[in-house]
Amino acid sequence: MEYVNPLTGLRIDGRRPTEMRHLKAQIGVVSKADGSALFEMGNTRVIAAVYGPREVQNRGQQMNNNEALVRCEYSMANFSTGDRARKPKGDRRSTEISLVIRQTMEACILTKLMPRSQIDIFVQVLQADGGTRSACINAATLALADAGIPMRDIVTSCSAGYLCTMPLLDLNYAEDSAGGPDVTVGILAKMDKVTLLQMDAKLPLDTFETVMQLAIEGCKAIAQYIREIMLQNTKQLECRRGS
Amino acid sequence: MGLLISQLAHYNQAQKKQNKTKNGTPKVPSSQLSTLNSFSHSLLKFTARRTPTSSYQMETTQTTEGGGGGATGIAAQMEVEAFRRLFPLPFYKRHLLESVRPDARALDSARDTTISLGPVASADGSALVKIGETVRLSCWVKKAMLAAIKLEVMTPSKERPDEGSIVVEFYMPPICSPMVRPGRPAEVAPVISKQLLDVIRSSGMVNLKELCLISGKASWIAYLDIYCLNADGSLFDAALLSAVAAFTHLQIPLVSVTEEGRVFTVSSEQEEKTKFELVNKEKRKLSLSSIPFPLTCVIHEDYILVDPTAEEETVMETSITLVLDTLGNLVSIYKPGGVGLASTEIMKECITRTKRRMQELKTILEESVSVMEVD
């Protein structure tokens, strides 16, 4: 199947190979949560809610008294994919992604500032069209910022692949399930450090470098967008406070 | 919002002049807390701490002249919050005596409701219901429910060969409330699932015969999944409303049969390209007869509070849920015990309030349907 049209050079959804999907974010969608955000990358829509820092609920899990405990749960809505998923939570993929998101966010939250407390990050996928992992991490960053939890830097994530001898940025579901390699990168934007790097399928080393660079560029673009959203949100809060 | 300002002015005569901000437009503070605090504050009359220059407005916590007053303002606001947590019932009692609630609603007014149809493109029918305040710049939503219906083909049971079926599932994911934790699911979720299924079945809103494809061989099973995105009291109301809205939005897709007798859905692009024999000629919507609309009230010693928040529900403890349909029939009454006892007069009061709310919801639903059809 032609994922990149040889005549026009466009992908199946009309994007250019190095073009990302349309981004949209909204802060503060869940009023009960300490921080929350809705993040959309094309048709992938994800809500993240952060509760914390609050008291540790399960004493057994609290390993380290000097640090906050970060927990994450990823779940997909039944109607999020094309076929109605039988088990939205607790299946292996969800557990794996929960772990990945937790460890990515743990790297950037200043846990030492909040000992003996717990920070819960809950991510719910409302619509899945490829790149849910990345959308979840981006949404979690915004939600943590909304909750006022101290972080080292903002974490953004983006995926890239290699199909029809072309590196493609931000794969959607069709391109993802094509069987080609899928590289997901998560970086700390300003510090320019990689916290998350996952890849499936085979890829020669030099192509891998190009694809990873492309993904990092995508992450930086998302970081730009996230900064704008946070700035807008802060301006609104300032405006409402009357100062 | 104008209502909020006027109620505040009513209780806060001295501050009336200071109620306008520099721009003259009403503003809402960043946290609901400061709204409630300043409003309840004036109501509870912590007059000892009140100074004429301190700002008990909704808008700001700091004004140029009330620097010192601002500091006691914040400390006094902490008192209110502590009072609210330590003595919730007296806190509410004082509000009820003035016939108002901490969020400045009247006792029998429900929160603003918005319905948007079709937020989930991959589902056959979906609706998003938001109940709560909507501020100009962003949504401070108090309650949000997302309902989506997916249709699948199944073989009908032998006793009812020409009827489809509906399966309702209500989920409360951990994002919706701090009370729900992974490993400790909300107790109330399966209760609401069952309530919803009962009401949808007994109201007869959906004629199951319309869900039939080929009598005896194939029929539709409609999986209705409702996700609570933000939980703040009277969850059943929002859930039923979103279920009803999703059913109004539902479109049955085109379907055709292969040689082996397997039924599969034909998407709209495919139908132009190939020549399948279509079982149903066009995408159709369900024809819904009497639509049920719910209302939850909370009773406390002769006071009836309509559309309670989560806090009100826990404090007052006795809730009644009534469901009326558009033909005026009572579909369901649900009063699961509770300390307060409901006399016949109270029940009649609740029924009148439900009737009014039903009219409101009916108009809102019809508006959202027409908005969608314009698109």
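Worth a mention:
- Every pair of residues 6+ apart whose Cβ atoms lie under 7 Å, when the first sits in the stretch B:231-250 and is more than 15 Å from B:Lys362 (Cα to Cα) while the second is hydrophobic (A, V, I, L, M, F, W, C) and part of a loop (DSSP other than H, G, I, E, B): B:Ala231/B:Met172; B:Leu250/B:Leu286
- Some residue of the stretch A:102-117 being within 14 Å of chain B (Cβ to nearest Cβ), under 13 Å from the mean Cα position of the chain (by Cα), within 30 Å of A:Asn5 (Cα to Cα) and not in a loop (DSSP other than H, G, I, E, B): no
- Condition met for A:Arg92 (touching a strand residue (DSSP E or B) at 6+ places or on another chain (Cβ under 9 Å), at pLDDT below 90 and either of a type in the set (Lys, Arg) or surrounded by 18 or more Cβ atoms within 10 Å (Cβ to Cβ) (or both)): no
- B:Ile175 in contact with a strand residue (DSSP E or B) (Cβ under 8 Å, 6 or more places away or on another chain), within 30 Å of A:Gly52 (Cβ to Cβ), at the interface with chain A (Cβ under 10 Å from one of its Cβ atoms) and of a type in the set (Val, Ile, Thr): yes
- When A:Ala221 is tested against (1) of a type in the set (A, V, I, L, M); (2) assigned to a helix (DSSP H, G or I); (3) buried (at least 20 other Cβ atoms within 10 Å of the Cβ), only condition (3) is not met.
- Of the residues making up the stretch A:30-42, those that are more than 7 Å from every other protein chain (Cβ to nearest Cβ) and assigned to a loop (DSSP other than H, G, I, E, B) number 2.
- Filter pass, A:Asp146 being within 14 Å of another protein chain (Cβ to nearest Cβ), buried (at least 20 other Cβ atoms within 10 Å of the Cβ) and not in a helix (DSSP H, G or I): no
- Residue check, B:Val141 surrounded by fewer than 16 Cβ atoms within 10 Å (Cβ to Cβ), at pLDDT below 85, among the aliphatic types (A, V, I, L, M) and assigned to a loop (DSSP other than H, G, I, E, B): no
Residue-by-condition table, conditions (1) of a type outside the set (Val, Ile, Thr); (2) surrounded by fewer than 12 Cβ atoms within 10 Å (Cβ to Cβ); (3) more than 29 Å from B:Tyr92 (Cα to Cα):
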residue: B:Glu312; (1), (2), (3): yes, no, no
residue: B:Thr318; (1), (2), (3): no, no, no
residue: B:Leu322; (1), (2), (3): yes, no, no
residue: B:Val331; (1), (2), (3): no, no, yes
residue: B:Arg357; (1), (2), (3): yes, no, no
residue: B:Val374; (1), (2), (3): no, yes, yes
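- Complete set of residues in the stretch B:94-126 that are within 21 Å of B:Arg284 (Cβ to Cβ) and either away from chain A (no Cβ under 12 Å) or surrounded by fewer than 20 Cβ atoms within 10 Å (Cβ to Cβ) (or both): B:Leu117, B:Gly118, B:Ala121, B:Ser122
- Test: residue in the stretch B:320-342 that is in contact with a Ser or Thr (Cβ under 7 Å, 6 or more places away or on another chain) and of a type in the set (D, E, K, R): yes
- Flag if B:His300 is modelled with pLDDT of 70 or more, away from every other protein chain (no Cβ under 14 Å) and surrounded by 14 or more Cβ atoms within 10 Å (Cβ to Cβ): yes
The values are calculated or read from the model by the stated rules, or taken from the named source; none is laboratory data. Since the model is a prediction, treat every value here as computed from it, not as a measurement. Using ideal geometry, Cβ is built from the backbone for each residue, glycine included, and neighbour counts are taken over all protein chains shown.
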